[in-house]
1. Mind checking which residues of segment 127-149 are within 13 Å of ligand 2 (Cβ to nearest atom), over 19 Å from residue 40 (Cα atoms) and either open to solvent by 30 Å² or more (accessible area, probe 1.4 Å) or more than 15 Å from the chain's Cα centre (by Cα) (or both)?
2. Looking at (1) within 24 Å of residue 39 (Cβ to Cβ); (2) open to solvent by 50 Å² or more (accessible area, probe 1.4 Å); (3) more than 18 Å from the chain's Cα centre (by Cα), which one does residue 73 not meet, given that it meets all the others?
3. Is it true that residue 39 is over 13 Å from the mean Cα position of the chain (by Cα), open to solvent by 30 Å² or more (accessible area, probe 1.4 Å) and either farther than 26 Å from residue 138 by Cα or in contact (Cβ under 8 Å) with a residue 24 or more places away in the chain (or both)?
4. Looking only at segment 149-178, how many residues end up being part of a loop (DSSP other than H, G, I, E, B) and either on the phi > 0 side of the Ramachandran plot or modelled with pLDDT of 85 or more (or both)?
5. Cβ-Cβ below 7 Å, separation at least six or inter-chain, first residue in segment 89-102 and farther than 12 Å from residue 13 by Cβ, second open to solvent by 50 Å² or more (accessible area, probe 1.4 Å) and within 10 Å of ligand 2 (Cβ to nearest atom): which pairs?
6. Go over the candidates 45, 31, 2, 18 one by one and state the one that is under 18 Å from residue 99 (Cα atoms) and open to solvent by less than 60 Å² (accessible area, probe 1.4 Å).
7. Can you work out which of the residues in segment 22-79 that are closer than 20 Å to residue 9 by Cβ and acidic (Asp, Glu) is farthest from ligand 2 (Cβ to nearest atom)?
8. How many of the residues making up segment 13-36 are within 13 Å of ligand 1 (Cβ to nearest atom) and either touching a residue at least 40 places away in the same chain (Cβ under 8 Å) or of a type in the set (Asp, Glu) (or both)?
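The values are calculated or read from the model by the stated rules, or taken from the named source; none is laboratory data. No experiment lies behind these values; they were computed from the predicted model shown. Positions of Cβ are generated from backbone atoms using ideal geometry, with glycine treated the same way; all protein chains shown enter the neighbour counts. Ligands, DNA and RNA are excluded from the accessible area calculation, which covers all protein heavy atoms including side chains. Shrake-Rupley method; radii C 1.70, N 1.55, O 1.52, S 1.80 Å.
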Amino acid sequence: MLSKKMTAAFNGQVAAELYSSYLYISMSAWLQSEGFPGAANWMGLQAREEVYHAQKLYNHILERGGQVKLGAIEAPPFKWKTPLEVFEQAYAHEQKVTGLINNLMSMAKAESDHASEIFLQWFVTEQVEEEATALDVVQKFKLAAGGAGFFMIDQELGARVLSQIVKDALTGTVASSN
Ligand SMILES: [Fe+2]
Ligand SMILES: [Fe+2]
């Protein structure tokens, strides 16, 4: 069974993942309105992955006999200057989330909550990927420095598709998101 402290921390992480989704939906809308449909597609899929992360967390809370208690989600920003700035902020946000996951892991270790440690390992690995993919796009936009280069990167980002695991979890074709 999850301790009260771990339950509260996991509930906090559910809200953080849903905020990530909210932020990326907002970024996706801005990108779309500014004429970057490919980058908007990329960010829209990222938003759905964040819902998948939240789903994984609340499944863990429930499986461990904890109570899911959803908190408030603050409003995200809605305006940026360039697609580069959008992805720089997304990258910074992912680094923040990595810190939150690390805190959760430290808490699980301190409580000798081995089940949560094993569960959180997936998120530790996922954050390496999340930071790397955001940084990759930042570097692409930096190299392009606007104009036709931005257009080409946008085309490339438009090719992103949702992974089958996330798709199945979000459409309910599998019982659990694990
Ligand atoms: Fe996430
Ligand atoms: Fe993320």
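1. 128, 129
2. Failing condition for residue 73: (3).
3. It is false that residue 39 is over 13 Å from the mean Cα position of the chain (by Cα), open to solvent by 30 Å² or more (accessible area, probe 1.4 Å) and either farther than 26 Å from residue 138 by Cα or in contact (Cβ under 8 Å) with a residue 24 or more places away in the chain (or both).
4. Total satisfying the criteria: 7.
5. none
6. Just a single option satisfies the conditions, and that option is 18.
7. If we take residues in segment 22-79 being closer than 20 Å to residue 9 by Cβ and acidic (Asp, Glu), then 63 is farthest from ligand 2 (Cβ to nearest atom).
8. Qualifying residue count, segment 13-36: 11.
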